[in-house]
Amino acid sequence: MKTGKRAAFMCLKTPKRQSSSLRYSAVLRFKSNASSIRSPLLHKGKIVGAVLRTRADVKPVFVSPGYAITLDESIRIILQCGGRYRIPEPVRRAHLLVNRLRQGQAAL
C-alpha cells in the first residue's frame, strides 16, 4: 500500500461465519510509508491486537498477544525479530522449513 504524502484508510472485516459470531475490524491510518506504524485491531470495540507495518512499502502484519504477554510486548518482539522481509525471521524460517518438508526436500 503506497501512500506517499496522502493518508491511506482501509477498513478490514472478516466475513461472519454461521457457526461463529467473531468479527474483527481495523481502521488503518498510515500517514506515511515509514515502518513501525501501527493501528489497533478491534473486536466488538475492544482492542485485541494491532496492525503493524514492519517495513516501508510492504503490507502490514497482524499482531495479537498470546498468554501472559501484552500487546506492546508482542509488538516490540515482532520489531526485534525483523529482518529483510515483512514477517519476523523465526516465522519466515519455520514457513520455509514446512514447505521443504511438504515437498520432501528436508528431514527433521
Item to check | Tabulated pairs, region 85-108, first closer than 27 Å to Arg55 by Cβ, second among the polar types (S, T, N, Q) and at pLDDT 90 or above, C-beta under 9 angstrom, 6+ apart or interchain | outcome: Pro88/Gln80
Checklist outcome for this item: Restricting attention to region 43-64, the residues that are over 12 Å from the mean Cα position of the chain (by Cα), modelled with pLDDT of 90 or more and either under 13 Å from Ile78 (Cα atoms) or not β-branched (Val, Ile, Thr) (or both) number exactly 1
Next on the checklist: Please count how many residues of region 70-108 are in a loop (DSSP other than H, G, I, E, B) and surrounded by 12 or more Cβ atoms within 10 Å (Cβ to Cβ).
Outcome noted: 8
Checklist entry - In the list Ser19, Ser32, which residue meets the criterion of being surrounded by 11 or more Cβ atoms within 10 Å (Cβ to Cβ), of a type in the set (S, T, N, Q) and either at pLDDT 60 or above or assigned to a loop (DSSP other than H, G, I, E, B) (or both)? => result Ser32
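The values are calculated or read from the model by the stated rules, or taken from the named source; none is laboratory data. In this text, all values refer to a predicted model and were calculated from it rather than measured experimentally. Glycine also receives a Cβ, built like all others from the backbone with ideal geometry; neighbour counts cover every protein chain displayed.
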